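Notes to accompany the following structure.
The values are calculated or read from the model by the stated rules, or taken from the named source; none is laboratory data. Please read these numbers as outputs of a predicted model, since none were measured by experiment. Here the Cβ positions follow ideal geometry from the backbone for every residue, glycine too, while neighbour counts run over all protein chains shown. Side chains are part of the model used for accessible areas, which takes the heavy atoms of the whole protein and leaves out ligands, DNA and RNA. Shrake-Rupley method; radii C 1.70, N 1.55, O 1.52, S 1.80 Å.
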Amino acid sequence: MKSVTIVGAGAVGRSIALALFQNRVKIDGIYSESGRSARNLARIVRCDHSGLLDSSTKISDIIIIAVPDNQIKDVAASLVKNFRPLKNKIILHTSGALSSDELSELRKKGTAVASFHPLQTFSRSENHTSLNDIWCAVEGDRKAVAASRAIAKKLHM
């Protein structure tokens, strides 16, 4: 795993970003709805690219969407609209209630997609939640599931 892009800098995105950083995985970019939380988190994990998700955004081959469930399709639509090519990218969402089909528009563009859901509660009031030794549910395309398992292993999940 070379690097990861994270969309969403709330409790889940923050915890994943900090776990990746602590386990020496490069984070290419962190993006959020307002951009402010992404920029704050980017400073902590020494990420050079942050702010709003738009056509000038730097994205890597693995993208983790860690936004509220009702925003996943909007983020997927933004990725389809602003980025080409998406073929051979791996895009994961962290919802426990929605399947990888939530990313079907990305799948149509040749992207491998999966649901990557840490089975853990995440507190908004704490700095982050540890991912060590927790279970993670994974479902989706074969390539995206393999990448999800590699991430989970790297993060000691």
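With the condition kept exactly as written, say whether any residue in region 120-128 is open to solvent by 30 Å² or more (accessible area, probe 1.4 Å), touching a strand residue (DSSP E or B) at 6+ places or on another chain (Cβ under 8 Å) and either modelled with pLDDT of 95 or more or over 24 Å from S34 (Cα atoms) (or both). No, region 120-128 contains no residue that is open to solvent by 30 Å² or more (accessible area, probe 1.4 Å), touching a strand residue (DSSP E or B) at 6+ places or on another chain (Cβ under 8 Å) and either modelled with pLDDT of 95 or more or over 24 Å from S34 (Cα atoms) (or both). A search for C-beta distances below 7 Å between a residue of region 1-24 that is under 15 Å from F116 (Cβ atoms) and any residue that is part of a loop (DSSP other than H, G, I, E, B) and hydroxyl-bearing (S, T, Y), counting only pairs 6+ apart in sequence or on different chains, returns V4/S60; T5/S60; G8/S32; V12/T94; S15/T129.
When residues in region 68-101 are screened for being of a type in the set (K, R) and assigned to a loop (DSSP other than H, G, I, E, B), 3 of them pass. Look at region 48-70: where a residue is more than 10 Å from T5 (Cα to Cα) and a partner is outside any helix (DSSP H, G or I) and of a type in the set (S, T, N, Q), sitting 6+ places away or on another chain with Cβ atoms under 6 Å, you get A66/T94; D69/S95. Tallying residues that are open to solvent by less than 20 Å² (accessible area, probe 1.4 Å) and at pLDDT below 95 within region 101-119 yields 1. Restricting to region 87-100, what's the tally of residues that are open to solvent by less than 10 Å² (accessible area, probe 1.4 Å) and among the hydrophobic types (A, V, I, L, M, F, W, C)? Qualifying residue count, region 87-100: 2. Restricting the search to strands (runs of 3 or more DSSP E) fully inside region 1-58 and requiring at least 2 residues that are surrounded by 19 or more Cβ atoms within 10 Å (Cβ to Cβ) gives 3-7, 26-31.
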